[in-house]
1. Mind telling me which of the residues Ile200, Ile205 ends up being open to solvent by 40 Å² or more (accessible area, probe 1.4 Å), hydrophobic (A, V, I, L, M, F, W, C) and under 19 Å from the mean Cα position of the chain (by Cα)?
2. Mind checking whether some residue in segment 115-123 is touching a helix residue (DSSP H, G or I) at 6+ places or on another chain (Cβ under 6 Å), on the phi > 0 side of the Ramachandran plot and touching a residue at least 60 places away in the same chain (Cβ under 8 Å)?
3. Consider His74 against the criteria (1) assigned to a loop (DSSP other than H, G, I, E, B); (2) buried (at least 18 other Cβ atoms within 10 Å of the Cβ); (3) not charged (D, E, K, R): it satisfies all of them except one. Which criterion is unmet?
4. When residues of segment 171-181 are filtered for being open to solvent by less than 30 Å² (accessible area, probe 1.4 Å) and either under 23 Å from Ile256 (Cα atoms) or in contact (Cβ under 8 Å) with a residue 40 or more places away in the chain (or both), how many remain?
5. Could you please let me know if Arg49 is open to solvent by 30 Å² or more (accessible area, probe 1.4 Å) and farther than 25 Å from Ser389 by Cβ?
6. Return the residues of segment 312-329 that are open to solvent by 10 Å² or more (accessible area, probe 1.4 Å) and farther than 13 Å from Cys77 by Cβ; say none if nothing qualifies.
7. Within segment 86-93, is even one residue assigned to a loop (DSSP other than H, G, I, E, B) and either at pLDDT 95 or above or of a type in the set (Val, Ile, Thr) (or both)?
8. Just give me the residues in segment 198-246 being in contact (Cβ under 8 Å) with a residue 12 or more places away in the chain, among the charged types (D, E, K, R) and in a helix (DSSP H, G or I), in sequence order.
Amino acid sequence: MKSPALLIGAILAALLCGSPRAHSEATQPPAKPPNVLFIAVDDLNAWVRHLKVNSQARTPNIDRLAARGVTFTHAYCAAPACKPSRTSLMSGLRPWTTACYTNGSQGDFIPEGASLNAQFLKAGYNVVGAGKVYHGSFHPDEWTEYMSKEEVKGLPRPGGNEGFLEPLKTELKDEDLPDWHTVNWCIKQLEAKHDKPFFIACGLIKPHLPFAVPRKYYDMFPRDSIQLPPYREDDLEDIPPAGVKMALKEGDHEKILAAGRWKDAIQSYLASCAYTDMNIGRLLDALDKSPAHDNTIVVLWGDHGWSFGEKNHWRKFALWEEPTHAPLIWVAPGVTQPGSICDRTVDFMTIYPTLCDLAHLPIPQHVEGPSAISLLRDPKSAWPHPAISTYDYQNHAIRSEGWRYIRYADGGEELYDESKDPYEWTNLAANPELAPVKKELAGHLPATNKPSVKKEPRKGKQKKTDTEE
């Protein structure tokens, strides 16, 4: 009998060689193919103003993009860490298929020709990228052009914990951060004359740590006005051991409390989000002035959420609402309607097939997520798919419109009634009356998980944690 790894590998090879999936909607391709502006934002949680998760947020440019199309109020990452989230989204393959579960996962996870950008390149697009789109290496020949790292060489390097566990020390200007130059490069691409349709991927690093941006953004959020998130000291008492371990792994909560920096960390994050919002505004202004403005699909997504002390947890790297929930905005000319809000629960595995559908490209057979084009046309239409998030080997969360169900590798469980308990304070997994709910949600768990391979520490070097990458 084949091992799980060999079995999944054989299935994947067959899918990559198979025929494309049918389009989810049978429509005639337009005479002029649409362009794509693909905006990836690192560590951007749901703290954008229009989602009404945190009223302190000030994100006018992200909000004006949302007002142009469809914003998803319940969008979730495939994995709450940079590398597996981006690997899944860009490959169309779930973590349990690739074995990319954490930032420390090791391997070549995206087969050549399987990536999202490769599909547009094969379709005759100019496919260009800048900044952080993938986490780590990618196939360079699947891009027409990618911004050189020389563009950001010599910029200041703030300490990794500035604005978080430590005060801001580095004095910065807008142009001292890589994102400023990434957006400049993408603006030049928007301004250029194109003899082909374009796919521009703009990968913004902020608000990723360090939370170090020019002080004028901190001034927008006076420390005395900062509000802490809803919090219960006893929130971990009904969590299984695997969940408690996940919550406390980095020990950040004790460090934050000891330093008296809970409000400071939130202020710094809000400031970093405001800096990113400014850059997104520059990008949108350039698009508006571009001849391609009326024929360009725009999709914006944050690669995962971020926790700020809920369940004594900080950063991402966990399966609750805060570390998995992130913005997802679509503007598709001729498809989306301005000011639309979709409350259906989706995950980012929908992005790859939806872009293929919108551009009338065949969806490769290997892609594991469903297209959400039906929700772009009618945000209130039926949607049978829950969002699924995975972190580390055999740990999964199933998020439906009403429930979150978490099952850990050791069998530990959590169940939350999202309609009555949006902060996930009461674990209902032991309630026998809810066994049918658990059974239904557990039906979405993968039957097979490809075994993980972690990086081995180099001799004489300390092994990096997820936090450091």
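1. Details: Ile200 fails: open to solvent by 40 Å² or more (accessible area, probe 1.4 Å).
None of the other options fit; the residue is Ile205.
2. No, segment 115-123 contains no residue that is touching a helix residue (DSSP H, G or I) at 6+ places or on another chain (Cβ under 6 Å), on the phi > 0 side of the Ramachandran plot and touching a residue at least 60 places away in the same chain (Cβ under 8 Å).
3. Unmet condition: (1).
4. Narrowing segment 171-181 to residues open to solvent by less than 30 Å² (accessible area, probe 1.4 Å): 172, 174, 176-177, 179.
Remaining after also requiring either under 23 Å from Ile256 (Cα atoms) or in contact (Cβ under 8 Å) with a residue 40 or more places away in the chain (or both): 172, 174, 177, 179.
Adding up the residues that qualify gives 4.
5. Details: open to solvent by 30 Å² or more (accessible area, probe 1.4 Å): yes; farther than 25 Å from Ser389 by Cβ: no.
The answer is no for Arg49.
6. Answer for segment 312-329, where residues must be open to solvent by 10 Å² or more (accessible area, probe 1.4 Å) and farther than 13 Å from Cys77 by Cβ: Asn312, Arg315.
7. The initial filter retains those residues of segment 86-93 that are assigned to a loop (DSSP other than H, G, I, E, B), namely 92-93.
This time we only want the ones that are either at pLDDT 95 or above or of a type in the set (Val, Ile, Thr) (or both), so: 92-93.
For segment 86-93, residues assigned to a loop (DSSP other than H, G, I, E, B) and either at pLDDT 95 or above or of a type in the set (Val, Ile, Thr) (or both): present.
8. Arg215, Arg223
The values are calculated or read from the model by the stated rules, or taken from the named source; none is laboratory data. Keep in mind the model is a prediction, meaning the values are calculated, not measured. Heads up, the Cβs are rebuilt from the backbone with ideal geometry, glycines too, and the neighbour counts pull from every protein chain shown. Ligands, DNA and RNA are stripped out before the accessible areas are found, and what is left, the full protein with its side chains, is counted by its heavy atoms. Shrake-Rupley method; radii C 1.70, N 1.55, O 1.52, S 1.80 Å.
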